[in-house]
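Q: Before I ask anything, let me first share the structure, which is written out below as structure tokens.
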Amino acid sequence: MSGMQHSRLSIVVGAMMLLLAAGCQHTAPRVGSPATPAGETFDRCRPLAAEARTACYEERLVSMVRQEGVPAAMEALSQLSEFDEDLRRDGHVYAHAIGLAAYTGADEVGQRFGECTPIFQSGCYHGVLQAYFVDLSGRQGGIDADAVNALCSEQRGPEGGRWLLFQCVHGLGHGLTMLYGHDLARALEGCDLLLDSWERRSCYGGAFMESVVNATMPHHPATRSPADAEHGSHAHHGTTAAQPSEHAHHAEGHEEHHGGHAAATAPFKALDPENPHYPCSELDERYLSACYQMQTSAVLFFNKRDFAATARFCDEAPDSVRHLCYQSLGRDINSYAEQNHAQTIRLCAVGDPRYRSWCYIGVVKNLVDLTARAEDGIAYCRAISEAEYKRACYEAVGEQIWVLEQEAERREELCRSAEPAYLDLCRGGADLLAREPVARATP
């Protein structure tokens, strides 16, 4: 597969599993938060210890979904992120919890999906879809190809668009993984039921993300079932990196239930601290690209955020996916650096300079992913000084614009704010003219 095809299939791979490490850093409560639902929630929850604070925030947001609806809860989450930088790092997983709580039945999944917003890496969309699949399986006793392909049918139409279609099929990967008790291999086979190859690979990305986040953050909101989200429960679902699947039962004979459906105990160990290339090294080759686009998050979890060591890990990846490993590292760097451009540029320099452009690509794609705003990516490209890397950055922004906007005129408008010398790189990435293949060639 060409680099261009890889980039089209890996447009919005998120970084929510990085939040565990980032969550170890706590900030002092902000004084004088405003008398709004978000301000009151902050004042009540922020002084609590870490796990209790997480539960408090989640319970308040879920309650808001029930009482005021998804838009109010998402707005409160956005405001809370301004008060508490720890919560801001964890915004994606709290958005997942809102989506889980919002689900009211298969006949309204489209409406709930439409009420979500793309903030915090579209976690709300993913939560709705997690809940949908758990519910569907509980009622039908299983998931078949027709159900998998029907889920995102609205997003395939003219009213949908590539951005929402990506969120749908990516969220499908999250939902399948949760449905099958975080049995990654089984979830990936569920993704294989999708007829379109781009959709399959986008689904793989959601499955790998869900697997890693469950292994490294088993008590966080994004790993809950719909029933747990409703009750603010902190039940553990699945298996952690240090807990092999054969010991995943809470007690002998106990079955975990997701929306009334018993989930199978996962026979597939999520991560292996002794082998940083696992599970990529054990899976079929068709999953290799999606796996390495997430794997640096697991590596950074185990090596305590040693970016230089993680770059060396990427140097050991198979040749065909090494550039994607560096792209994954760039995404993770952006999360840890809290979108600080100077710091991400400095941290991307710790690895092999031949792959540095891919690290920058990971950063800039994540910047656009976080907000669905092309201008955030263009601002980053302007901050890069070397022409070679700047070229790759602008082309990657163009790829994000291609996903964000269906209309060619709108894509032209968004690229127009690029530096003049790099305008055509953006336009090429946005599929407005022929691309220049030398923009980010791999060694």
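Q: Figure the gain on full extension for R44 and S320 (residue separation times 0.36 nm, minus the Cα-Cα span) and round it to one decimal in nm.
A: 94.4 nm
Q: What is the extension gain from E154 to E409, computed as 0.36 nm multiplied by their sequence separation minus the C-alpha to C-alpha distance, in nm to one decimal?
A: Stretched out fully, the E154 to E409 stretch lengthens by 89.5 nm.
Q: Hey, another quick one. Within a 10 angstrom radius of the beta carbon, how do C56, C359 rank from fewest other beta carbons to most?
A: Starting with the residue having the fewest Cβ neighbours, the order is C56, C359.
Q: Continuing with this model, one more query. Please give, to one decimal in nm, the separation of the simple spin-label points placed at R66 and N275, each 7 Å out from Cα toward the Cβ.
A: Those two pseudo-labels are separated by 4.5 nm.
Q: For E338 and D146, what is the calculated FRET efficiency with R₀ set at 41 Å and r taken between the beta-carbons, to the nearest 0.05?
A: My answer for the efficiency is 0.45.
Q: By count of other Cβ within 10 Å, fewest leading, how are H182, H341, H126 ordered? Numbers along the way, then the final one.
A: Details: H182 29, H341 18, H126 32.
The order, fewest Cβ neighbours first, is H341, H182, H126.
Q: Can I ask one more? Assuming a ≥ b ≥ c are the square roots of the Cα gyration tensor eigenvalues, decide whether segment 307-443 counts as rounded (a/c under 1.5), prolate (otherwise, with a/b larger than b/c) or oblate.
A: prolate
Q: Straight-line reach only, C-alpha to C-alpha below 27 angstrom: list the lysines that K390 could link to, leaving out same-chain residues fewer than 8 apart.
A: K365
Q: Please state the shape class of segment 279-337: rounded when a/c is under 1.5, otherwise prolate if a/b exceeds b/c and oblate if not, all from the C-alpha gyration tensor.
A: Prolate.
Q: On a C-alpha basis, how far is the centre of segment 77-129 from the centre of segment 163-221 in Å? Whole number, if you could?
A: 17
Q: Okay, moving on. If contacts are Cα pairs under 8 angstrom and at least 6 residues apart, what is the relative contact order of segment 307-443 in percent?
A: Reported relative contact order: 21 percent.
Bear in mind that the values in this text are calculations on the coordinates, not laboratory data. Bear in mind the structure is a predicted one, so any value in this text is a computation, not a measurement. Ideal geometry is used to build each Cβ from the backbone, glycine not excepted, and the neighbour counts take in all protein chains shown.
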